[in-house]
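Visitor: Mind having a look at this structure? Questions to follow.
No value in this document is a laboratory result; all are computed from the given coordinates. Predicted model, so just to flag it, every value in this text is computed and none were measured. Quick reminder, even Gly has a Cβ in these numbers, built from the backbone with ideal geometry, and neighbours come from all protein chains shown.
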Amino acid sequence: MSTFLRKSPELTGPYALAMLASIDADQARRVECGIVRFGRDARSPATGLHTNSRHEVALVLKGRVLIETENARFEAGPGDCIVGSPGEPHATTGLEDAELFFVLIEPTRSV
């Protein structure tokens, strides 16, 4: 699986649910979650691309970010879901002040 973006669907009515992503994590070894802030033009990493050993799922809470991989570039805004695979090189840049809620899922086997 490679990094992809799911745009937030329009939800209507008193209750609505939309599944944005599904990951086969093979019995996750560890799950972490948090919030990250990107100021305008802030970039992680500062240069190039980085990788890690975990699945990454992020929901943009406010602002806009640019996600870059070796093969694609995505702009994401409030309500958009970003999903990245273990070992995939990527970088994130704040296009404006932005906050993202993220979940990191470490699989039990090496990727």
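Visitor: Can you tell me the relative contact order of the chain? Whole percent, Cα pairs under 8 Å, sequence separation 6 or more.
Guide: Result for the chain is 41 percent.
Visitor: If we count every other residue with Cβ under 10 angstrom of Leu20's Cβ, Lys/Arg +1 and Asp/Glu -1, where does the sum land?
Guide: Combined, the nearby Lys, Arg, Asp and Glu give +1.
Visitor: While we're looking at this one, here's another question. Below 14 angstrom from the Cβ of Phe101, what's the summed charge of the other residues (Lys, Arg +1; Asp, Glu -1)?
Guide: -2
Visitor: Calculate one ³J(HN,Hα) per residue across the stretch 28-34 by plugging θ = phi - 60° into the Karplus curve 6.51 cos²θ - 1.76 cosθ + 1.60, and present them in order as whole Hz with x for glycine and proline.
Guide: With the stated coefficients, the stretch 28-34 comes to 3, 6, 7, 10, 10, 9, x Hz.
Visitor: May I ask you to compute the full-extension gain from Ala72 to Ser44, defined as 0.36 nm times their residue separation minus their alpha-carbon distance, rounded to one decimal in nm?
Guide: 8.4 nm
Visitor: Let me ask something else about it. Given springs between every Cα pair under 10 Å in a Gaussian network model of the chain, which of Glu32, Glu75, Glu99 has the largest fluctuation?
Guide: Judging by the Gaussian network model, the answer is Glu32.
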